[in-house]
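*Asks:* Handing you a structure now.
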Amino acid sequence: MKARSLNIIIAIIIFSAIFGSLFYYNWNLYMETKDQFNECDDSCCLRITGNVSDEKFIGISYLLNGSFTRVEDVEFHVLNMAGVEENRTISGVILWDILISYNLLGEDAEYIRFQSIDGYTTFNIPIRLIRSNPEMVIIVTHEDGQLLEPKTADGDGPLAAAVDFDCIKDDSEMQQIFEDNYQDFVHNSKLNAKNLDTIIVI
């Protein structure tokens, strides 16, 4: 009887220790995340992280109110994985303007990737292409004159990323990046991201 009681007590102690450790870990994780997102209290935030001088959160209201250089109703050339071409009429903020406005890029930063809410991440995009073609890499807020609907409403927004095909089609480094990722040809469907929430600088 005493042995059984002792075993029960030991089991309770072990369970309490494990549960307490998990609670402590998850609570700290929650607080870290909470503190990060306290930097942006907008309805939607774009996070810029990685090889940057300072991690940044930019609310969608700043992307809509003229705080950054915008392009309106421009035709973006799209080539998808099936080889089908089309033009999309989109509006949004020039990514390069965001990056230089905050002087975010690390000294040895070479690439960026876009990441969606669901974790989808694009191929690397050389920063030199963004710098030399600033109006061809944008954070999209509108398509066909309409605000992008959020993922919860089966939309592509509220933010998306768009890289014009003409910006990358003849670039030898982009061709190598696509080859390294087992793609037969360069197309921009692996660089454009729906439901954008993060820009990763590498």
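Please treat every number below as a calculation from the coordinates, not as lab data. The shown structure was predicted, so the numbers you read here are calculated from the model rather than taken from an experiment. Cβ atoms come from the backbone with ideal geometry, glycine included; neighbour counts cover every protein chain shown.
*Asks:* With charges only on Cβ, +1 for K and R and -1 for D and E, what is the dipole size of the range 39-106 about its Cα centre, in debye, rounded to 20?
*Replies:* Values: 4 positive and 11 negative charges, 22 e Å.
The calculated dipole for the range 39-106 is roughly 100 debye.
*Asks:* If R0 is 35 Å, what FRET efficiency do you get for Glu107 and Gln175 from their C-beta distance, rounded to 0.05? Before the final figure, lay out each step's value.
*Replies:* Numbers: r = 27 Å, r/R0 = 0.77.
Once rounded, the FRET efficiency stands at 0.85.
*Asks:* Which of rounded, prolate or oblate describes the range 41-111 when judged by the alpha-carbon gyration tensor and an a/c cut-off of 1.5? Please list the in-between numbers first.
*Replies:* Values: a/c = 2.19, a/b = 1.42, b/c = 1.54.
Since a/c reaches 1.5 but b/c is at least a/b, the shape of the range 41-111 is classed as oblate.
*Asks:* Shifting gears a bit: In terms of Cα to Cα distance under 16 Å, which aspartates and glutamates are near enough to Lys56, apart from those fewer than 8 places away along the same chain?
*Replies:* Straight-distance partners of Lys56: Glu32, Asp35, Glu39, Asp41, Asp42, Asp97, Asp197.
*Asks:* Right, here's the next one. Once you order the gyration tensor axes a ≥ b ≥ c over the Cα atoms, which shape class does the range 74-151 get: rounded for a/c under 1.5, otherwise prolate or oblate by comparing a/b with b/c?
*Replies:* Prolate shape, in that a/c is at least 1.5 and a/b is the bigger ratio.
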